[in-house]
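Chemist: I am attaching a structure below and will ask some questions about it afterwards.
The values are calculated or read from the model by the stated rules, or taken from the named source; none is laboratory data. The model shown is predicted, which means the values in this text are computed figures rather than measured ones. Cβ placement follows ideal geometry from the backbone for every residue including glycine, while neighbour counts extend to all protein chains displayed. These accessible areas exclude ligands, DNA and RNA; they are computed on the full protein's heavy atoms, side chains included. Shrake-Rupley method; radii C 1.70, N 1.55, O 1.52, S 1.80 Å.
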Amino acid sequence: MMKNCKETSNNKVFTFTERQSKLTLLNKDEVSSTKVHVDGCAISDNGVKCDYLHLVEDKNLEIYIELKGQDLRQAMKQIERTISILGSKKQQQKLKSYIICSRSPLASTEIQQYDRTFRKHYNCQLIIKSSPFTDSY
C-alpha cells in the first residue's frame with residue numbers, strides 16, 4: 001500500500017465525502033486512527049473497491065466506507081472485494097461497513113438480508129444510511 005494513501009491522527013472528527021454523500025465519524029476517545037483512501041490508491045486495479053477504509057488499532061476495528069448515489073448492490077460488491085484484499089484476518093478483529101447513499105432505494109427487508117449475509121460471511125456489521133450521516137466509535 002502506498003504511503004500517501006494513509007493519514008493517521010488522533011483527530012476527534014473524520015469526514016468522508018464524495019459527490020452528494022457524506023459520512024462523519026466521531027473519534028470519542030481520540031485514539032490513533034488511520035484514514036485510508038482505497039479507490040485508486042490502496043487498490044489501484046480495475047476491479048471494484050470501496051472508497052475508504054478507516055482503521056482503529058486500539059479498538060481492533062476496521063471500517064469500510066462506500067459513498068454512493070443509490071446502487072446498493074454495486075456498493076456491496078465493492079465492500080466485499082475490499083475486505084477480501086485489505087481485511088486483516090485476525091479473529092478478534094471487529095468489522096463495520098457503511099454504505100452512505102444519496103437515497104436508499106432498497107426495502108428494509110432487503111437491507112436486513114444483506115446485513116445477515118455480511119455478518120455470516122465477514123463477521124461484519126453493515127450500516128446503510130442516507131447522507132449525511134454521523135456515527136462514533
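Chemist: Would you tell me the accessible area of Thr134, worked out with a 1.4 angstrom probe on the heavy atoms of the protein chains, in Å² to the nearest 10?
Modeler: 80
Chemist: Still on this structure, please answer the following. Which of Lys22/Lys96; Lys12/Lys120; Lys28/Lys49; Lys35/Lys94; Lys28/Lys120 have a Cα-Cα distance over 26 Å?
Modeler: Values: Lys22/Lys96 17 Å; Lys12/Lys120 32 Å; Lys28/Lys49 28 Å; Lys35/Lys94 16 Å; Lys28/Lys120 28 Å.
Distance filter (> 26 Å) returns Lys12/Lys120; Lys28/Lys49; Lys28/Lys120.
Chemist: Rounded to the nearest 10 Å², what accessible area does Lys28 show when all protein chains are kept and the probe is 1.4 Å?
Modeler: Its accessible surface works out to 120 Å², give or take rounding.
Chemist: Still on this structure, I have one more. Give the ranking of Phe133, Phe118 by solvent-accessible surface, highest area first, calculated with a 1.4 Å probe. Walk me through the numbers before you get to the answer.
Modeler: Values: Phe133 45, Phe118 0 Å².
So, going from the largest accessible area down, we get Phe133, Phe118.
Chemist: Taking θ as phi - 60°, what are the ³J(HN,Hα) couplings along region 83-96 by the Karplus curve (6.51, -1.76, 1.60), each to the nearest whole Hz, with x for Gly and Pro?
Modeler: 4, 5, 8, 9, x, 6, 9, 5, 4, 7, 5, 9, 10, 9
Chemist: Got a sec to turn the phi values of region 132-137 into Karplus ³J(HN,Hα) couplings, 6.51 cos²θ - 1.76 cosθ + 1.60 with θ = phi - 60°, whole Hz, x for Gly and Pro?
Modeler: Working through the residues one at a time gives x, 9, 10, 9, 9, 9 Hz.
Chemist: Return, ordered by residue number, the residues of region 18-37 whose backbone nitrogen is under 15 Å from a label point located 7 Å along Cα→Cβ of Arg103.
Modeler: 20-21
Chemist: Pairing rule first: another cysteine's C-beta must sit under 4.7 Å. Under that rule, which cysteines of the chain stay single?
Modeler: Cys50, Cys101, Cys124
Chemist: Express the Stokes-Einstein translational diffusion coefficient of region 11-137 in µm² s⁻¹, to the nearest whole number, given a Kirkwood radius over alpha-carbon pairs, 20 °C and a viscosity of 1.002 mPa s. Write out the running numbers ahead of the final one.
Modeler: Details: Rh = 14.6 Å.
The calculation lands on 147 µm²/s.
Chemist: A further question follows. Would you grab the residues whose amide H sits under 5 Å from the one on Ile128? Only those 5+ places off in sequence or on another chain, please, with H modelled 1.01 Å from N.
Modeler: Ile99
Chemist: Collect residues whose amide H, placed 1.01 Å from N in the peptide plane, falls under 5 Å from the amide H of Lys94; neighbours closer than 5 in sequence don't count.
Modeler: Leu61, Glu62
Chemist: Continuing with this model, one more query. Quote the charge dipole size of region 53-125 about the Cα centre in Debye, to the nearest 20; the model charges only the Cβ of Lys and Arg (+1) and of Asp and Glu (-1). Could you put the intermediate results ahead of the total?
Modeler: Details: 13 positive and 8 negative charges, 37 e Å.
That gives a dipole near 180 debye.
Chemist: Next up: Expressed as a whole percentage, what fraction of the accessible surface of region 50-110 belongs to carbon and sulfur atoms when a 1.4 Å probe is rolled over the protein heavy atoms? Walk me through the intermediate numbers first.
Modeler: Details: 1250 of 2720 Å².
Of the solvent-accessible surface of region 50-110, carbon and sulfur hold 46 percent.
Chemist: Oh, and also: Calculate, for the chain, the solvent-accessible area per residue in square angstrom, rolling a 1.4 angstrom probe over the heavy atoms of the protein chains. Walk me through the numbers on the way to the answer.
Modeler: On the way: 7420 Å² over 137 residues.
The answer is 54 Å² per residue.
Chemist: Could you go through region 114-130 in sequence order and give the Karplus-derived ³J(HN,Hα) for each residue, using 6.51 cos²θ - 1.76 cosθ + 1.60 with θ = phi - 60°, rounded to whole Hz, and x for Gly and Pro?
Modeler: 4, 4, 4, 4, 5, 5, 5, 7, 10, 6, 10, 7, 10, 10, 10, 9, 7
Chemist: Right, another one. Cys50's amide H: which non-local residues (gap 5+, or another chain) put their own amide H closer than 5 Å, with H modeled 1.01 Å from N in plane and none for Pro or chain starts?
Modeler: So Cys50 has HN proximity to Thr82.
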